[in-house]
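Sharing a structure, written as structure tokens. Questions coming.
The values are calculated or read from the model by the stated rules, or taken from the named source; none is laboratory data. Keep in mind that what you see is a predicted model, and the values were worked out from it rather than measured. Quick reminder, even Gly has a Cβ in these numbers, built from the backbone with ideal geometry, and neighbours come from all protein chains shown. For accessibility, only protein heavy atoms count, side chains too; no ligands or nucleic acids. Shrake-Rupley method; radii C 1.70, N 1.55, O 1.52, S 1.80 Å.
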Amino acid sequence: MNRTLIISGGGSRASWAAGFAKGLADSGNQYETVGGTSAGALIMSSVILNKFEALETLFSSLNNKDIYNVNPIKSNGEIRVFKSVLRTFFGHSSIGETKNLRKRIETIFTEADYNSIRDQQKALFCVTTNLNTSKMVIKSTDTSSYTDMLDWIWASASVPALFLLTFCDCFKK
């Protein structure tokens, strides 16, 4: 039986999804295909490879510096209004940038992980929206290179206006 697990997004809800997926795995459920969107896309490789300890470490240590190279949010959760206005005034399409998140994704989903998934004839798929066309895009390890998958996961985890919209070439492909 070919089983598929789909993990939704929603920031911190991904930590709940990781715990739920661990419970499913502990009950003997194994998946040949795992898909995700947003934060779900960030954790899908760890779920399919049963790397739940790595996810626990990730969620207990992740901080804003792991995500933002330009952080638009204050420590109390408010938007940095002056900095945001300046970025907009100087032509930026977003009030923040997440190049650090792209680097962090590489530590969560390594090339060895990508190759292991393919060698085991399993698959990951990532769901995002192309904001240029307003169309849903689905990319998978079956059809995309490792680097492309990293970019698609990054795109899926990005929030318009908060994060730079034209951060990768993945929508041009």
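Of the residues Gly9, Gly28, only one is assigned to a loop (DSSP other than H, G, I, E, B) and closer than 15 Å to Ile105 by Cβ; which?
Gly9
Would you say Lys139 is open to solvent by 50 Å² or more (accessible area, probe 1.4 Å), outside any helix (DSSP H, G or I) and at pLDDT 90 or above?
Yes: the conditions hold for Lys139.
Next question, about the same structure. When the residues of region 124-135 are filtered to those that are modelled with pLDDT of 90 or more and aliphatic (A, V, I, L, M), which remaining residue is least open to solvent (accessible area, probe 1.4 Å)?
Checked region 124-135; the qualifying residue least open to solvent (accessible area, probe 1.4 Å) is Leu124.
Tell me yes or no: at least one residue of region 48-70 is within 20 Å of Tyr146 (Cα to Cα), touching a Phe, Trp or Tyr at 6+ places or on another chain (Cβ under 8 Å) and surrounded by 14 or more Cβ atoms within 10 Å (Cβ to Cβ).
So far as region 48-70 goes, yes, one or more of its residues are within 20 Å of Tyr146 (Cα to Cα), touching a Phe, Trp or Tyr at 6+ places or on another chain (Cβ under 8 Å) and surrounded by 14 or more Cβ atoms within 10 Å (Cβ to Cβ).
Looking at this structure, is Gly36 more than 22 Å from Glu111 (Cβ to Cβ) and not polar (S, T, N, Q)?
Considered against the rule, which asks whether it is more than 22 Å from Glu111 (Cβ to Cβ) and not polar (S, T, N, Q), Gly36 comes out as no.
Report yes if Tyr68 is within 22 Å of Ser156 (Cβ to Cβ), among the aromatic types (Phe, Trp, Tyr) and touching a residue at least 60 places away in the same chain (Cβ under 8 Å), otherwise no.
Against the criterion (within 22 Å of Ser156 (Cβ to Cβ), among the aromatic types (Phe, Trp, Tyr) and touching a residue at least 60 places away in the same chain (Cβ under 8 Å)), Tyr68 does not qualify.
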